[in-house]
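So the structure is just underneath, and the comments pick up after that.
The values are calculated or read from the model by the stated rules, or taken from the named source; none is laboratory data. Predicted model, so just to flag it, every value in this text is computed and none were measured. Methodologically, a virtual Cβ is constructed for each residue, glycine included, from the backbone with ideal geometry; neighbour enumeration extends over all protein chains shown. Each accessible area value is taken on the protein alone, full model and side chains, heavy atoms only, with ligands, DNA and RNA left out. Shrake-Rupley method; radii C 1.70, N 1.55, O 1.52, S 1.80 Å.
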Amino acid sequence: MPKKVRRLTALSVKNLSESGWHLDGDGLYLQISPTGTKSWVFRYKIKGRERRQGLGAYPLHSLAHARDLARQGNQHLQLGVDPIEYAKKQVEDAKKQRAEQQKRQKQLITFKECAEKYIKIHEQAWTNLKHRSQWRNTLKTYAYPIIGDVPAQDVNIELVLAILEPLWDGKTETGTRVRQRIENIMDWAAVKYDLTSKNPARWVGVLKTQLPERNKVQKVRHFAAMPYKEISDYFSSLRRIDTVAAKTLAFTILTATRSTEAREARWSEINLDKGIWVIPAERMKADRLHRIPLPNDAIMILKEVQAVRSNEYVFPGSKLGRPISEAKCRTF
């Protein structure tokens, strides 16, 4: 067998600038375009027909790598296989393999795995710790026992109804939230894993035909209101109680805020000199910054708790670094 001639070197490939075809040997050429770009081409004949196979651009593909690809091409020719057709088949096989992998992934990913991925991605936007825990607890209590281990693509209307029907009459509010959470997770899974079936937890067009409207079955129960004539005496008695919980409730009443907004108030939000409390948008249900002028009694409460300040929260709880709990504020 005659010795193979190599006409190019790594240095010559780097320095060559003349446009045209530059032979290396064994059918491998360096092609330089009129604009100066360089690429590797394997030229060969099969069944009397000349063909050209692109092997990639230089310097992304080195001379050594191009020679290795040309060597593989010559090996295919010796076996009677067209290198270009072989490469096409490799690409098609890789596509089929990826499609099979995606199909298996869709078949194996369970609703619980989807739920955990969804929560992990979105929980950073849920500033309310109670909201975070409710997401996990309601799914764990009501959804996982029925569909937790079911592949997401197999979750259907019958399974969702098996979760919701026992809740819909006596625990309509809970059932509504569970439905919404399942719907959000299934919407996410449909995009992530290319599920093609209709979301079985969607209300419009799906569950609306299977369950009565929420306002038809949910009994509205209003909290008992205190007669306005008793408010003054109640507030006076509340102010005589020297506990953080009593001060928190009094501050909530004076500022007409929600319990969570008052309990989780930070000192950084309070300006005692100007008598202003600024609640940032991320702590408001409406997601808008809220300024509250503080009445004198509210400022007095703030000065009282400031004297025993222990962390960033205006009304600290028993747990280190946490605000007072809602349960303690309900004891009055």
Rounded to one decimal in nm, the spacing of the 7 Å Cα→Cβ label points at T127 and I231 is 2.8 nm
The chain accessible area per residue, 1.4 Å probe, protein heavy atoms, integer Å², reads 64 Å²
Measure of exposure for C329: accessible area at 1.4 Å probe, Å² rounded to 10, is 20 Å²
For R67, R291, R258, the accessible-area ranking with a 1.4 Å probe, largest leading, is R291, R258, R67
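Once neighbouring chains are kept in place and the probe is 1.4 Å, which whole percent of the accessible area of the chain is contributed by carbon and sulfur?
51 percent
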Checked segment 201-301 against the a/c 1.5 cut and the a/b vs b/c comparison, axes a ≥ b ≥ c from its Cα gyration tensor; verdict oblate
Expected unfolding gain across K285-L320 under the 0.36 nm per residue rule, minus the alpha-carbon gap, is 10.0 nm
Connecting every pair of Cα atoms under 10 Å apart in the chain and solving the GNM, the largest mean-square fluctuation among I157, I253, I119 falls on I253
Cα-based Rg then Dmax for the chain, in Å, read 35.3, 113
CD proxy, 222 nm, the chain: helix-only mean residue ellipticity via -39,500 (n - 2.57) per DSSP H run with n ≥ 4, per residue, nearest 500, stands at -14000 deg cm²/dmol
Heavy-atom accessible area of W203, protein chains in place, probe 1.4 angstrom, given in Å² to nearest 10, is 40 Å²
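Per residue, what volume in Å³ does the convex hull of the Cα atoms of segment 19-126 enclose?
172 Å³
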Under a Gaussian network model of the chain whose springs join Cα atoms within less than 10 Å, the largest fluctuation of R136, R49, R322 belongs to R49
Restricted to pairs 8 or more residues apart or on different chains, the lysines in segment 86-170 with C-alpha atoms under 30 Å apart form a number of pairs equal to 27
Expected field for T110, accessible surface area in Å² at 1.4 Å probe radius, rounded to 10, holds 20 Å²
Expected vector for segment 306-313, Karplus 3J(HN,Hα) from phi with 6.51, -1.76, 1.60 and θ = phi - 60°, integer Hz, x for Gly and Pro, equals 5, 5, 10, 4, 10, 7, 5, 7
GNM on the chain, Cα springs under 10 Å; top mean-square fluctuation among A250, A162, A307 goes to A307
HN-Hα couplings for segment 300-305 via Karplus (6.51, -1.76, 1.60; θ = phi - 60°), in whole Hz with x for Gly/Pro, come out as 4, 5, 4, 5, 5, 7
For F315, the residues 5 or more places away or on another chain with a placed amide H closer than 5 Å to its own amide H are A265, I324
From most to least accessible, 1.4 Å probe, no ligand or DNA/RNA atoms counted, R43, R240 line up as R240, R43
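Under the rule a/c < 1.5 gives rounded, and otherwise a/b versus b/c splits prolate from oblate, where does segment 100-184 land using the Cα gyration tensor?
Here segment 100-184 falls in the oblate category.
Let me check against my output: what whole-number percent is the relative contact order of the chain, with C-alpha pairs under 8 Å and at least 6 apart?
9 percent
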